[in-house]
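Read-outs throughout are calculated quantities, based only on the coordinates presented, and are distinct from any laboratory measurement. This is a predicted model, so every value here is computed, not measured. Here the Cβ positions follow ideal geometry from the backbone for every residue, glycine too, while neighbour counts run over all protein chains shown.
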Amino acid sequence: MSQNGAGTLIKTKPRCERNRVLVTGGAGFVGSHLCDYLVARGDHVICLDNFFTGSKENIAHLIGKPNFEVIRHDVVEPILLEVDQIFHCACPASPIHYKYNPIKTAKTSFLGTMNMLGLAKRCKARFLITSTSEVYGDPLEHPQRETYWGNVNPIGERSCYDEGKRVAETLTMDYHREHNLQVRIVRIFNTYGPRMALDDGRVVSNFVAQALTNKPITVYGDGQQTRSFQYVSDLVKGLVTVMDGPEIGPFNVGNPGEFTMLELAKLVQEVVNPNATIEYRENTADDPKCRKPDITKIKTTLGWEPVVPLREGLERMVDDFKKRLGVE
Ligand code: NAD
Ligand code: UDP
């Protein structure tokens, strides 16, 4: 409460010393690194997660900090909170995980995003959606710019995720247009680093774990398909830069270095275990043949670009994987 010039008591919003930030999916790989960054910056961070693919170990070191709290909740259900910013990361991201229960993945993408947008609208919070390079599908434009509309199979095994993220972007823009909500859209390209789930089947975690445990490195298909790999600390800085910046986006956030899966396998051999062998396996359906971000937009408008090269990033994740795999 405060007094206006006429001596009348007027109701004012209680002052919160810290920026209150909700990170959905905060116990996951990306979300937990983002929580680390925001807690260290001094924000009041609420980590919300249903622990489908996330884990308490990822955030255990933050428990007990005065500016960090955890809520077990599924974003498919609405929730009442008071926040200033929402980083919406809740969604399984690895193909094995999102194909495990595709209908739930689609519900998380649509209903989950709608609920978090509704929360942002009620709180007048700024909302950032962690979308994906998968919205470009099996791209016919290379490298991919944000202006490209994509080449996505709407009825394939990957559609629950690809189309889910596309509709999540649509909802985000419609809340902006209809309700004047402050929104940000980030399209994340393949990201790797410590805390990736050991069993998530993504290529970097698979290759590193296989090399460390003397199992063959499994290259799918002919290994000529390409991806661009970004280290997680670069992504976290990209997310915060977009959230705090003046433009909606969408912004590609990724590392433009492009590698075939065979090149990645050979690099993992060099960095992790020169004795590891390579084995070819049948590829999965609708696997995109190439992917590489054009990051001109975020570089020129917000000054962000990645700084960690792939070799260095792989070296940085080895200790964490060794510890969790129980190998020397
Ligand atoms: P992750 O699986 O490690 O994290 C996702 C988190 O969301 C987990 O903690 C999981 O338990 C939680 N979650 C899932 N469904 C939920 C629900 N219904 N309610 C509440 N919580 C739920 O994946 P990640 O790699 O950390 O990805 C985080 C976000 O970034 C995802 O939205 C993903 O689509 C996006 N993304 C990631 C990558 C990447 O390479 N890591 C690439 C593109 C986009
Ligand atoms: N891949 C592979 N071996 C593995 C796992 C994945 O060769 O053990 C390939 C997969 O076929 C794809 C690429 O690596 O071409 C990236 O797969 P990932 O699941 O990491 O991410 P995506 O970009 O497909 O979502």
- When restricted to GLY238, GLY201, GLY193, the only residue closer than 19 Å to THR53 by Cβ and buried (at least 20 other Cβ atoms within 10 Å of the Cβ) is GLY193
- Just one of GLN210, GLN230 is within 23 Å of ARG41 (Cα to Cα), among the polar types (S, T, N, Q) and out of contact with any helix residue (DSSP H, G or I) (no Cβ under 7 Å at 6 or more places or on another chain); which is it? GLN230
- Item | region 187-205 - residue that is in contact with a Ser or Thr (Cβ under 6 Å, 6 or more places away or on another chain) and in a strand (DSSP E or B) and, of those, farthest from ligand 2 (Cβ to nearest atom) | ARG187
- Task: Among the residues of region 29-56, write down those that are more than 18 Å from GLN85 (Cβ to Cβ), out of contact with any strand residue (DSSP E or B) (no Cβ under 7 Å at 6 or more places or on another chain) and touching a residue at least 40 places away in the same chain (Cβ under 8 Å).
- Result: PHE29, PHE52, THR53, SER55
- Task: Just give me the residues in region 206-235 being of a type outside the set (A, V, I, L, M, F, W, C) and either in a strand (DSSP E or B) or near ligand 2 (Cβ under 8 Å from one of its atoms) (or both), in sequence order.
- Result: ASN206, GLN210, THR218, TYR220, GLY221, GLY223, GLN225, THR226, ARG227, SER228, GLN230, TYR231
- Could you check GLY238 against (1) more than 11 Å from ligand 2 (Cβ to nearest atom); (2) in contact (Cβ under 8 Å) with a residue 60 or more places away in the chain; (3) in contact with a Ser or Thr (Cβ under 8 Å, 6 or more places away or on another chain) and say which number it fails? (3)
- Task: Go through region 162-181 and give me each residue that's out of contact with any helix residue (DSSP H, G or I) (no Cβ under 6 Å at 6 or more places or on another chain) and outside any loop (DSSP other than H, G, I, E, B).
- Result: GLU163, GLU169, THR170, THR172, MET173, ASP174, HIS176, ARG177, GLU178
- Query: Considering only region 274-307, how many residues are in a strand (DSSP E or B) and surrounded by 13 or more Cβ atoms within 10 Å (Cβ to Cβ)?
  - Reply: 3
- Quick check: anything in region 172-186 within 16 Å of ligand 2 (Cβ to nearest atom), free of Cβ contacts under 8 Å to residues at least 24 places away in the same chain and over 16 Å from the mean Cα position of the chain (by Cα)? no
- Query: ASN252: farther than 30 Å from LEU22 by Cβ and within 16 Å of ligand 1 (Cβ to nearest atom), yes or no?
  - Reply: no
- Task: Scan GLU263, GLU247 and give me the residue that is farther than 22 Å from LYS322 by Cα, within 16 Å of ligand 2 (Cβ to nearest atom) and surrounded by fewer than 21 Cβ atoms within 10 Å (Cβ to Cβ).
- Result: GLU263
- Message: Going by what's in this entry, would ARG184 be described as outside any loop (DSSP other than H, G, I, E, B), in contact with a strand residue (DSSP E or B) (Cβ under 7 Å, 6 or more places away or on another chain), charged (D, E, K, R) and within 21 Å of ASP244 (Cα to Cα)?
- Response: yes
- Note on the structure: Note on region 84-104: residues farther than 11 Å from THR130 by Cβ and within 13 Å of ligand 2 (Cβ to nearest atom) are PRO92, SER94, PRO95, ILE96, HIS97, TYR98, LYS99
- The lone condition VAL236 fails out of (1) farther than 19 Å from HIS33 by Cβ; (2) in contact with a Leu (Cβ under 6 Å, 6 or more places away or on another chain) is (1)
